[in-house]
Amino acid sequence: MALFDLPLEQLRDYRPELPEPADFDQFWEKTLIEASQFDLDARFEPVDIPLAAVEVYDVTYAGYGGHPVKGWLVLPAGAREPLPAVVEYIGYGGGRGLPHMHLLWAAAGFAHFIMDTRGQGSAGWASGETPDPVGSGPAHPGFMTRGIEDPHDYYYRRLYTDAVRAVAAARAHPLVDAARVAVTGVSQGGGLAIAVGGLVPDLAAVAPDVPFLCHFPRATTLTDRQPYREIGAYLKARRTGEEQVYRTLSYFDGVHFAARGRAPALFSAALEDQTCPPSTVFAAFNSYASEEKSIEVYSFNDHEGGGPYQQQAQLRWLPRHLRG
C-alpha cells in the first residue's frame with residue numbers, strides 16, 4: 001500500500017474540529033471515583049523463572065468494578081532501591097503473554113509493569129488471563145461495539161479504568177518510584193497510554209506508538225481494516241444507530257484525552273498505516289497539550305511502524321524524563 005492519507009506537510013498541521021461532549025470531564029471524574037470505591041488490593045506474587053537478569057512478579061489488582069486484573073512486574077535482578085517505572089498496555093487482541101516476552105525495560109534499568117487486557121488475549125500469540133465479567137447488548141464480533149449504544153456500558157470504559165488503576169498498582173510496589181512513572185504501548189496500547197496521560201495528571205512521560213482509538217469519525221470512514229471496521233459492520237446492520245454510536249465514541253477519543261495531556265510525550269506514526277491512519281495519529285499529537293512533545297514518522301511502514309527503531313528512540317528519550 002502506497003501513501004493513502006494526507007501528505008506529511010498537511011499532517012503536521014492537521015487539527016480537525018472534533019465535537020467534545022459537554023460532560024466529558026464529569027463523565028471520567030465520576031467513573032474514576034466509582035472505581036476508587038474498590039480497594040486496589042494490588043498483590044505481587046514472585047514467579048520462579050530461569051532468567052538471571054530479572055525478577056518477576058505475577059500481579060493482581062482491582063480494576064473497573066473491582067474486577068481482578070492481571071499483570072506482570074519485571075524488575076532488574078537485585079534491585080534494592082525504588083526504580084523509575086514503565087507501565088505498558090497491550091495491542092488489540094493480545095494479552096500479557098509470558099514474562100520472558102517483556103525484558104526490554106528491565107534491561108534498561110527500569111521497573112516494567114505490563115497490564116493484561118480484560119477479555120482479550122486469545123488472538124495471536126500473546127495469551128491473556130483477565131476475563132471481562134460484564135455483558136453487553138448486540139455487538140459485532142470483537143470488542144469495538146460491546147455496549148456501544150451507551151458510554152456507561154461501553155467496553156472501553158472498563159478498559160480505560162483498568163489502565164488508570166494499573167498506574168496505581170505499579171506505584172503500590174515498594175521498588176517503584178511513584179514520582180517517576182511513564183506509560184507506553186503500541187496500537188491499542190498507545191491509545192490507552194494517551195487516555196491515561198489525560199486522566200492521570202502526574203505522569204513523568206507518555207509514549208504512544210502508532211496509537212489506535214483516535215479520531216473515530218475519520219478512522220471509521222477512511223480505513224476498512226479491522227478493528228475500526230467492526231464499527232462500520234455494526235452500523236451496516238443497525239442503520240439508525242450512527243448518531244448514538246459516535247456520541248458514545250466521543251467519550252473515548254484519544255484526541256480529547258490528548259488535549260488534557262501534560263506530561264512530555266513521544267508519539268510515532270507510519271504513513272502507510274491502514275490500521276491506524278496517520279491523520280488519526282496526528283490529530284491526537286497536534287492536540288496534545290504539552291509543548292514538550294515530538295513524533296517519529298516512518299514514511300514507508302504500515303502498522304508495524306518503526307518496530308525496533310521506535311523502541312530505540314524510546315530508549316534514548318525516556319531516560320531523560322525518568323532518571324532522578
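Cross-link reach is defined here as a Cα-Cα straight distance under 25 Å, omitting same-chain residues fewer than 8 places apart; for LYS70 the lysines meeting it are LYS30.
Taking all protein chains as shown and a probe of 1.4 angstrom, SER287 keeps an accessible surface of around 40 Å². Would you please classify the overall shape of region 284-324 from the alpha carbon gyration tensor, given that a ≥ b ≥ c denote the square roots of the eigenvalues, rounded means a/c under 1.5, and beyond that prolate means a/b larger than b/c while oblate covers the rest? The shape class here is oblate.
Evaluate E = 1/(1 + (r/R0)^6) for ALA107 and SER290, where r is the Cβ-Cβ distance and R0 equals 22 Å; express this FRET efficiency to the nearest 0.05. For ALA107 and SER290, the calculated efficiency is 0.20. D by Stokes-Einstein for region 114-236, Kirkwood Rh over Cα pairs, 25 °C, 0.890 mPa s: 157 µm²/s. Running Debye on the chain with equal point scatterers at the Cα sites and no solvent, what base-10 log of I(q)/I(0) appears at q = 0.13, 0.16 Å⁻¹? With no solvent term, the Cα-only Debye profile gives -0.91, -1.42. With contacts taken as Cα pairs under 8 Å and at least 6 residues apart, the chain reaches a relative contact order of 17 percent. Entry comment: accessible area of region 141-197 is 22 Å² per residue, from protein heavy atoms only and a probe of 1.4 Å. Could you check how much of the accessible area of the chain is carbon and sulfur, as a whole percent, using a 1.4 Å probe? Accessible surface attributable to carbon and sulfur in the chain totals 52 percent. A straight line joining the Cα centroids of region 130-204 and region 1-62 runs 4 Å. Among the protein heavy atoms, those of TYR154 account for about 0 Å² of accessible surface (1.4 Å probe, every chain in place).
The values are calculated or read from the model by the stated rules, or taken from the named source; none is laboratory data. Just so we're clear, the structure is a prediction, and the values are computed from it rather than from any experiment. FYI the Cβ positions are ideal-geometry reconstructions off the backbone, even for glycines, and counts take in every protein chain you see. Accessible surface is based on the protein model in full, side chains and every heavy atom, while ligands, DNA and RNA are left aside. Shrake-Rupley method; radii C 1.70, N 1.55, O 1.52, S 1.80 Å.
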